Amino acid sequence: MRINKDTIFMRYPSTWWHDLWREGLVSGNGIIGTNVYGGVKEETTMLTHHDLWHNGCEDELPDVSDAFVRLRKKMDEENFREASWEVVNALREKNYQSRLESQLPVADLKLEIAPNKGFENYIRGIYMDRAETVSEWKDGESQRCSQLFVSRKRNLVVKRITSSEPDLNLVFSMDIHQNRGSDRAEKIAKHVFDSKKIEWNEQYITYTALNDDQTIYGAVARICPVNGTAERTPVGIRVRQSSEVVVLVRLFIKRRPEEREAVLSDLMLELEAVEPDYEKLMREHSRLHRKWYNSADFSLQYRGKYHCNEDLLAEAFAGKQSAELIEKLWKYGRYLFICGTSDRTNPFPLYGIWGGEYDLIWSHNMANENTQMIYWHTYAGNLLPFQKGLYRYYNNRIPTYQKNAKNLFGMKGIFMTAGTTPGVSSPNQVVPVIMNWVGASGWIAQHYCNYYRYTKDEAYLKEVLLPYLMEVADFYEDFIEFYPDGTIHFYPSVSPENTPGNFMPPRHIQMAHPMPTTVNSTIDLAIVKEFFTSLCEIAKEQNLYPERIPTWNRILASIPEYRLSKDGGIREWQDDRFDERYDHRHLSHIYPVFPGYEVNSLHKSELLPAFKRAVDLREIDAQTGWSMGHMSAIYARLEDGEAAMQCLNQMAKSSLTNNFFSLHNDWRGMNISLCMDPAPVQLDAIMGYVNALQEMVLYSSEDLLKLLPALPADLQKGSISSFRYMNGFVHMKWDVEKQKFQADLLAVRAHEMWLQLPKEFDGYQISCKNSVVEQEGNLYRIRMEENGSVIITL
């Protein structure tokens, strides 16, 4: 392999016993995914599709709004434990059975490679800048290589196996995806095992199966030896004495069973028309991939020998990450995101498009933290168009969300249950911690509002964003109650997945989410405040909804200032009847600092120490991979770079596999996170890592831009290019030791803002074009015209 800054590589094959896919080499074009694992004799390429799911059920939601009335009545009587279960029990009594789907792998492309003398110098990795997976090794006198990418141009999988000598003896086959030792798969995916059909001749392999929605899906592979011979055998297509074989694979999903023959015939004709020129196909693909991969850059100016993933993680495990690892994890997180979703496909779920089991735990889109975390990095990281897939997904489910609101609460507008999959958007995780939380739609609304702030696309605002936002407004207007003194009475209210300390059972009793149903959780109040503040701003700017603004202003005026706990941190529940609990992974009550913008160094800065105290009180062995990414971003917002980087050090030593997949937790009984075995893959964590790094070097809100606000010792030298702030682009390069700094701000529209420059440097020189800069204390007031620029040097 030609190792460079855009390459990750490993010296060992996948080693996670029974689940080798967890450490595979992944690629994708947002629609089709591949995961290559195995070894130099037996190699598997798992084929996946973003929209292929199974084993879910969307039941008809009964009207249980009378249970909600009883819930509130019991809460008014302070009978919180019984109230918590009212709606849940009503649904169970009516035998309501909705459940989330799981991702369904399309098939496995199998490759068996006959050895010569045995392998030497094995290496495998990913060229991230062209989304190509590679395995290389020497066998006897031959140098061998297996390569793969998923074409963005043609929407097909392209694979090549080469040898320096015409000595490749290979067998290609295709079958149902199955893990070693997976004794449950045949029960869970019985419809697949019973219906699979595999056929092949000397050139083509076809695979089809029946999903539980009675549609068929499958793949067609064309085997193209450049030289040598190919023949049909009882186990697959055998290629003999070749030096190069190219394989082209096309996938399909959701077709009627009676279309099977026609679909396969059409796909074979399509593949026949493709010239099997690997390099030519790579060139046309890589141009499209690099558009997104190079849309922004983050560099720590690392120079020297590049190291394999195993060595980088071993160094991190011993204490802290190297500059090489930090930079590569930023690139790899973006790589996974770009390969795993698009502006036209489903949102990026927790496993991306590479889930390798039939009953994955938590493979859905989870909007009480995880989905949001996956998309946080897209703002500064200049990947805004990918947000459109998120909006399409949620907007398409508005009719179901309206029914949820009506049948559960007797209210207008929408109720978005936190967990959804493409085919299930009615309530599914029927437990109080999910059913009684109404904050998901408001939190997701932050993304809608921020997209408009970054783009100012008025047509898209009116066509796509506002229809969703107004449904959220309808619900909150109905849902919100007021105490006699005019203050907000928001109930039921949940701080996601946490239970107040005074409602927790004794430690020897293990119970998930014992009593989450409260009044005025801090996150719910923060979401409501942020939502209606944003909506008022948009309405006034666009001269819309004048008759509703007074209602929204009343709600905003009813929300009191945040109060502190006896330990000096911001309370997680703003009602004294609910005590703090620090033994938890979620950091929901820090929402006003991050991911919100309500509290920062320009606004309500006097509250920042109390928010920091609340984060410091969280217990380390209750954390997860993703919570450390979230905590890191919070510390960055608090301008504590060392604490922010320490969170990422903790994630790197506890929650990464050798292929840099991030996990929910450490599975080895260490003391940095909670322990769950096997630890689920959760790629939101590495997306949170990407975002946290970006937060350390750039903060952007509507009226404030900070450059290098939380610079730890590990980031004392570096550069960024094409990072976005709300109204423009930032290019920046710095070296603290040599006291070198330059930042270029480029405006995409006219705007005004405050600018905070790094405290690590002195003697700034500022030059402007179509801009005005005035210093006021430690800040600079900047007015920029469209296409204006500000250049800051020393």
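The values are calculated or read from the model by the stated rules, or taken from the named source; none is laboratory data. Here the structure is a predicted model, which means the values were calculated and not measured. Reconstructed Cβ throughout: ideal geometry from the backbone, glycine too, with neighbour counts over all protein chains shown. Protein only, heavy atoms only, side chains kept; ligands, DNA and RNA dropped before computing areas. Shrake-Rupley method; radii C 1.70, N 1.55, O 1.52, S 1.80 Å.
What to note about this one:
- Which listed pairs, of Lys706/Lys769; Lys94/Lys254; Lys331/Lys388; Lys41/Lys331; Lys305/Lys717, have C-alpha distances above 24 Å, in listed order: Lys94/Lys254; Lys41/Lys331
- Note on Arg70 and Asp621: their simple-model spin labels are 4.1 nm apart, each label 7 Å out from Cα toward Cβ.
- Computed P(r) (all Cα pairs; the chain; 10 Å bins; percent): 2, 13, 23, 25, 19, 12, 5, 1, 0
- A simple rule links phi to the HN-Hα coupling: the Karplus curve 6.51 cos²θ - 1.76 cosθ + 1.60 with θ = phi - 60°, which for region 540-552 gives 5, 4, 9, 6, 10, 6, x, 6, 9, 4, x, 5, 5 Hz, with x for Gly and Pro.
- Equivalent ellipsoid of region 182-242: semi-axes from √(5λ) of the C-alpha gyration tensor, largest first, are 30, 13, 8 Å.
- Listed residues His751, Trp626, Asn395: farthest to the positive end of the dipole of the chain (Cβ charges): His751
- Packing rank of 751-762, 251-262, where each peptide gets the mean count of other beta carbons within 10 Å, highest leading: 751-762, 251-262
- The chain, accessible surface, carbon-and-sulfur percent (1.4 angstrom probe): 47
- Stokes-Einstein D (µm²/s) once Rh is taken as the Kirkwood radius of region 425-522 over alpha-carbon pairs, at 37 °C in 0.692 mPa s: 207
- ³J(HN,Hα) computed for each position of region 714-721 - Karplus, 6.51 cos²θ - 1.76 cosθ + 1.60, integer Hz, glycine/proline x: 6, 10, 6, 9, x, 7, 10, 9
- Dipole moment magnitude, nearest 20 debye, the chain about Cα centre, only Lys, Arg, Asp, Glu C-beta charged: 1240
- The residue list Ala219, Val249, Thr229 was ranked by how far each Cα lies along the charge dipole of region 217-258 toward its positive end, using unit charges on Cβ atoms, and Ala219 comes out on top.
- Listed values for region 299-314 are Karplus-derived 3J(HN,Hα) couplings in whole Hz (6.51 cos²θ - 1.76 cosθ + 1.60, θ = phi - 60°), namely 9, 9, 6, 5, 10, x, 5, 8, 10, 6, 4, 4, 5, 5, 6, 5, and x replaces Gly and Pro.
- Label-point separation in nm, Ser299 to Asn502, each point 7 Å along Cα→Cβ: 5.7
- Here the gap between Glu78 and Arg92, fully extended at 0.36 nm per residue and compared with their Cα-Cα distance, gives a gain of 2.7 nm.
- Sites Thr229 and Lys5, calculated FRET efficiency, Cβ-Cβ separation with R0 35 Å, nearest 0.05: 0.25
- For region 140-179 and region 192-263, distance of Cα centres in Å: 15
- Helical contribution to [θ] at 222 nm, DSSP H n ≥ 4, -39,500 (n - 2.57), averaged over the chain, rounded to 500: -9000 deg cm²/dmol
- Ranked by the mean number of other Cβ atoms within 10 Å of their residues, highest first, the peptides 591-599, 436-444, 674-682, 226-234 fall in the order 436-444, 591-599, 674-682, 226-234.
- Three-way shape call for region 136-181 based on the alpha-carbon gyration tensor, with the a/c threshold at 1.5: oblate
- Whole-Å distance, taken between Cα centres, linking region 661-690 and region 329-369: 15
- Highest average first, the peptides 213-224, 192-203 ordered by how many other beta carbon atoms sit within 10 Å of their residues are 213-224, 192-203.
- Separation of alpha-carbon centers, region 421-500 and region 719-737, rounded to whole Å: 33
- Among the listed pairs Lys117/Lys153; Lys406/Lys529; Lys73/Lys462, those with a Cα-Cα distance over 30 Å are Lys117/Lys153; Lys73/Lys462.
- Region 108-160: trypsin sites (Lys or Arg not before Pro) in DSSP loop, at most 11 other beta carbons within 10 Å: Lys117
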